[in-house]
1. Consider the range 69-125. How many of its residues are in contact with a strand residue (DSSP E or B) (Cβ under 8 Å, 6 or more places away or on another chain), open to solvent by 60 Å² or more (accessible area, probe 1.4 Å) and among the hydroxyl-bearing types (Ser, Thr, Tyr)?
2. Could you check how many residues of the range 44-68 are open to solvent by less than 70 Å² (accessible area, probe 1.4 Å) and on the phi > 0 side of the Ramachandran plot?
3. Output the number of residues of the range 105-133 satisfying the condition of being among the hydrophobic types (A, V, I, L, M, F, W, C) and within 24 Å of residue 41 (Cβ to Cβ).
4. Determine the pairs where a residue that is touching a residue at least 24 places away in the same chain (Cβ under 8 Å) and of a type in the set (Gly, Ala, Ser), located within the range 51-71, has a partner that is open to solvent by 100 Å² or more (accessible area, probe 1.4 Å) and assigned to a loop (DSSP other than H, G, I, E, B) with Cβ atoms under 9 Å apart, the partner being 6 or more residues away or on another chain.
5. Consider only pairs whose beta carbons are under 9 Å apart and that are at least six residues apart or on different chains; among these, list those whose first residue lies in the range 82-104 and is free of Cβ contacts under 8 Å to residues at least 40 places away in the same chain and more than 21 Å from residue 45 (Cβ to Cβ) and whose second residue is in a helix (DSSP H, G or I) and open to solvent by less than 30 Å² (accessible area, probe 1.4 Å).
6. How many of the residues making up the range 26-55 are modelled with pLDDT under 95, among the β-branched types (Val, Ile, Thr) and in a loop (DSSP other than H, G, I, E, B)?
7. Among the numbered conditions (1) within 19 Å of residue 21 (Cβ to Cβ); (2) β-branched (Val, Ile, Thr); (3) in contact with a helix residue (DSSP H, G or I) (Cβ under 6 Å, 6 or more places away or on another chain), tell me where residue 53 comes up short.
Amino acid sequence: SQPVGPLPLADLSQLPRDASMLYDIGRVDSAGRITSNDIINALHWKPGSRLDVILTPRNIVIRAAPHGLYFVPRRLRIIIPSHARRPHGIKPGDHVLIAAAPEYDLMIVYPLSSLDEMISRYHSAESEAETPQ
């Protein structure tokens, strides 16, 4: 499917519920690179494709952008610049959750601490729903 187009920056964290998502967990190397062929292939990013890297308080958004400051490298990999890794405490050898929304030409990178928080919140809500009133 063709990209629906970039979301306004304020709406990046609120993708439509029907957006088809693809997930992967990748290991960050010393240069901030992650190999995830499924994600890159689904996004149809090619070497030289320009990207924006947007830092949010909880995640890192990487999206295709005609005038982006970053590029997809010749050897297809996801690269998380150090300025984006540092605030989230992402270090070489760490694993991250990658959520891609191919229709919107973007991926969201979450440190595993965010995944812990999501799972904890999910189970907390689930147990509240099961508690008799």
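The values are calculated or read from the model by the stated rules, or taken from the named source; none is laboratory data. Just so you know, these numbers come straight off a predicted model, no measurement behind them. Note that each Cβ is placed from the backbone with ideal geometry, even for glycine, and that neighbours are counted across all protein chains shown. Remember, those area values only see protein heavy atoms, side chains included, never the ligands or the DNA or RNA. Shrake-Rupley method; radii C 1.70, N 1.55, O 1.52, S 1.80 Å.
1. 1
2. Matching residues across the range 44-68 total 1.
3. First pass over the range 105-133, keeping only residues among the hydrophobic types (A, V, I, L, M, F, W, C): 106-109, 112, 115, 118-119, 125, 129.
From what is left, the residues that are within 24 Å of residue 41 (Cβ to Cβ) are 106-109, 112, 115.
So the answer is 6.
4. What qualifies is 64/6; 64/44; 65/6.
5. Correct list of pairs: 88/114.
6. Number of matching residues: 1.
7. (1)
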